[in-house]
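Have a look at the structure below, then the notes.
The values are calculated or read from the model by the stated rules, or taken from the named source; none is laboratory data. Source: prediction; values computed, not measured. Methodologically, a virtual Cβ is constructed for each residue, glycine included, from the backbone with ideal geometry; neighbour enumeration extends over all protein chains shown. Ligands, DNA and RNA are stripped out before the accessible areas are found, and what is left, the full protein with its side chains, is counted by its heavy atoms. Shrake-Rupley method; radii C 1.70, N 1.55, O 1.52, S 1.80 Å.
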Amino acid sequence: MDRWQLALDSLWPLVRAALIGTIPLTLISFILGLIVAVLIALAKLSKIRALRLFGSFYVSLIRGTPLLVQIFIIFYVFPFIGIRMDAWTCGIIALTVNVGGYAAETIRGAILAVPKGQWEASATINLDYVTTLRRIILPQAFKIAVPPLSNTFISLVKDSSLVSTIGVLELLRQAQVIATPTYDFLTLYIEAALIYWAICIVLSFAQKRLENYFDNKATV
Amino acid sequence: MSLLSVRGIHKTFGKNQVIRGIDLDIEPGTVTVIIGPSGCGKTTLLRSLNGLESPEKGVVSIDSVQVNYAEKPTAADVSLLRSKTGFVFQAHHLFPHRTVLQNVTEGLIYGPSLKRPASEANALGQSLLDQVGLGDKAKAYPSDLSGGQQQRVGIARALALQPKLLLFDEPTSALDPEIVGDVLQLMRKLAREGWTMAVVTHEIQFAKQVANNVVFVDQGVIVEQGTPQEVLANPRHPRTREFLRRVLDPLADDAEYAEEVAS
């Protein structure tokens, strides 16, 4: 079959796999991962030693092991303890746990970069710890964290391809499925690479818009 | 009875004994100005009054709330003490991501003990901004304001919670000289309205005109205190005299200058 014809025929199935696989996988695990990251960052900044140790342990474990290995372990550990979970859910859990570990350090640094006076001013108007975080500290920390978190997000788009190994239908997996009967892996992989690239270009624009939004809204 | 009473405050940073036993009383409706060389412990003393610092020892009572620092007060105890005070920082510490009005109303709406409805808080916030002369800046962000305006918002934020005692930590030290007057005039106005205030400052003129009680702190203790007439015009202690001489005439120690004047 003609190479160009194959590329054209597989364009929609690949884009569709990105739309129903790669993009929701990335978005959901990034949002859940941010929640994990904030909790781990707060644990690491806590006055309670046990929480600090747990936070450090988590970050060390996640950053010290390959994402592919984490995905395999999560995929095989649930059946082992008797919980049935589909590949999609396992993929989201693995990516969430992973992003949480990396973004935790970013968020911890950003929280520390908010001037101490902001905590003190909040204390003088009698805001409690949670309100101070929610209303005063985290909004300023997120502004500081936008550029590094955008990096993490763009990495995650590409890292999500690793869940193809446990059978989650996303962009890379779809490319493999189409390529297998034709033996034309080169065409399909190049096509998949171009689609990943296109997604990341769009995200880079979005990052710039977001940074401008925060710049206009407030200065730290 | 005094509004504020402080007994036996001791505070150490590492090996450095910053406060070595301070007692202080403040009567309702009076202005107390705390002066002293930098590093003497005056700011630490002020910050101990609302729990921004935790001294090792000492008792602070404000309007029936008492905190004994030796007994490791809980966050709730300190919060109760704080609800009696408003605090104005040297570097204002306004919330940069909130408008001027939101800075003033934040504690009213989100302070757990108050929880005013937003409409009520906004009306009060607006009237406070009018009072500090910034009624037209409600929607601006702190970064849009000059240093003096920012500090006046800081004062409005402190007033919003209607505290019994206003604490000022060098409120004009970070300002350009020509706008120091704006802030000091506002503080004088508040004093005339009857607010009870404790002010750490280097503005001796302000102390002379506005203070009921002047407290001179050096090396972690109160060296002397009294009316401005007593402490500023006729200081008894040599350390007070030395401090005032340096503050009022910073060039006095310059030998070359002294020679020039002599010749």
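The figures follow:
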| item | result |
| --- | --- |
| Failed item, numbered, when B:Val223 is tested on (1) modelled with pLDDT under 95; (2) among the β-branched types (Val, Ile, Thr); (3) not in a helix (DSSP H, G or I) | (1) |
| Single condition A:Leu112 does not satisfy, out of (1) at pLDDT 95 or above; (2) open to solvent by less than 60 Å² (accessible area, probe 1.4 Å); (3) more than 10 Å from every other protein chain (Cβ to nearest Cβ) | (2) |
| Pairs, first of a type in the set (Gly, Ala, Ser) in region A:189-211, second part of a helix (DSSP H, G or I) and surrounded by 14 or more Cβ atoms within 10 Å (Cβ to Cβ), C-beta under 6 Å, six or more apart | A:Ala192/A:Leu171; A:Ala192/A:Leu172; A:Ala192/A:Ala175 |
| Contacts under 6 angstrom Cβ, first residue in region B:143-172 being on the phi > 0 side of the Ramachandran plot and within 12 Å of another protein chain (Cβ to nearest Cβ), partner buried (at least 20 other Cβ atoms within 10 Å of the Cβ) and modelled with pLDDT under 95, 6 or more apart | none |
| Sole exception among (1) over 14 Å from the mean Cα position of the chain (by Cα); (2) of a type in the set (Lys, Arg); (3) modelled with pLDDT of 95 or more for B:Lys72, by number | (3) |
| Failed criterion for B:Arg7 (all others in (1) buried (at least 20 other Cβ atoms within 10 Å of the Cβ); (2) more than 10 Å from chain A (Cβ to nearest Cβ); (3) among the basic types (Lys, Arg) hold) | (1) |
| Condition check for B:Lys42: over 29 Å from B:Pro228 (Cβ atoms) and basic (Lys, Arg) | no |
| So A:Gly117, is it within 14 Å of chain B (Cβ to nearest Cβ) and either surrounded by fewer than 16 Cβ atoms within 10 Å (Cβ to Cβ) or of a type in the set (Phe, Trp, Tyr) (or both) | yes |
| Evaluation of A:Ile144 against (1) in contact with a Gly (Cβ under 9 Å, 6 or more places away or on another chain); (2) more than 14 Å from A:Ala37 (Cα to Cα); (3) open to solvent by less than 60 Å² (accessible area, probe 1.4 Å) (one fails), failing number | (3) |
| Index of the failed condition, B:Gly86 passing every other in (1) more than 28 Å from B:Ser146 (Cα to Cα); (2) within 14 Å of chain A (Cβ to nearest Cβ); (3) touching a residue at least 24 places away in the same chain (Cβ under 8 Å) | (1) |
| Condition broken by B:Ser61, with the remaining ones in (1) small (Gly, Ala, Ser); (2) assigned to a strand (DSSP E or B); (3) more than 11 Å from every other protein chain (Cβ to nearest Cβ); (4) crowded, with 21+ Cβ neighbours inside 10 Å satisfied | (4) |
| Any hit, region A:55-66, residues being under 11 Å from the mean Cα position of the chain (by Cα) and open to solvent by 50 Å² or more (accessible area, probe 1.4 Å) | no |
| Residue count, region B:198-227 (criterion: over 21 Å from B:Ser38 (Cβ atoms) and either open to solvent by less than 40 Å² (accessible area, probe 1.4 Å) or among the aliphatic types (A, V, I, L, M) (or both)) | 3 |
| Selected residue (criterion: surrounded by the most Cβ atoms within 10 Å (Cβ to Cβ)) from residues of region B:112-128 that are more than 20 Å from A:Thr131 (Cα to Cα) and within 14 Å of chain A (Cβ to nearest Cβ) | B:Leu128 |
| Matching option when the condition is touching a Ser or Thr at 6+ places or on another chain (Cβ under 6 Å) and open to solvent by less than 80 Å² (accessible area, probe 1.4 Å), among A:Ala43, A:Ala37, A:Ala7, A:Ala87 | A:Ala7 |
| A:Tyr76 being more than 28 Å from A:Tyr183 (Cβ to Cβ), open to solvent by 80 Å² or more (accessible area, probe 1.4 Å) and not aliphatic (A, V, I, L, M) | yes |
| Hits in region A:162-220 (condition: open to solvent by 80 Å² or more (accessible area, probe 1.4 Å), assigned to a helix (DSSP H, G or I) and within 14 Å of chain B (Cβ to nearest Cβ)) | A:Tyr213, A:Asp215, A:Asn216, A:Lys217 |
| Selection count, region B:10-53, where residues are within 14 Å of chain A (Cβ to nearest Cβ) and under 13 Å from the mean Cα position of the chain (by Cα) | 8 |
| Selection status of A:Ile137, out of contact with any Ser or Thr (no Cβ under 7 Å at 6 or more places or on another chain), more than 8 Å from chain B (Cβ to nearest Cβ) and touching a residue at least 60 places away in the same chain (Cβ under 8 Å) | no |
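Every residue, every condition in (1) open to solvent by 50 Å² or more (accessible area, probe 1.4 Å); (2) part of a loop (DSSP other than H, G, I, E, B); (3) touching a residue at least 60 places away in the same chain (Cβ under 8 Å), yes or no:
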residue	(1), (2), (3)
B:Thr12	no, no, no
B:Leu24	no, no, yes
B:Leu46	no, no, yes
B:Ser54	yes, yes, no
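Let's see how each residue does on (1) surrounded by fewer than 19 Cβ atoms within 10 Å (Cβ to Cβ); (2) within 10 Å of chain A (Cβ to nearest Cβ):
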position: B:Ala75; (1), (2): yes, yes
position: B:Ala91; (1), (2): yes, yes
position: B:Asp130; (1), (2): yes, no
position: B:Tyr141; (1), (2): no, yes
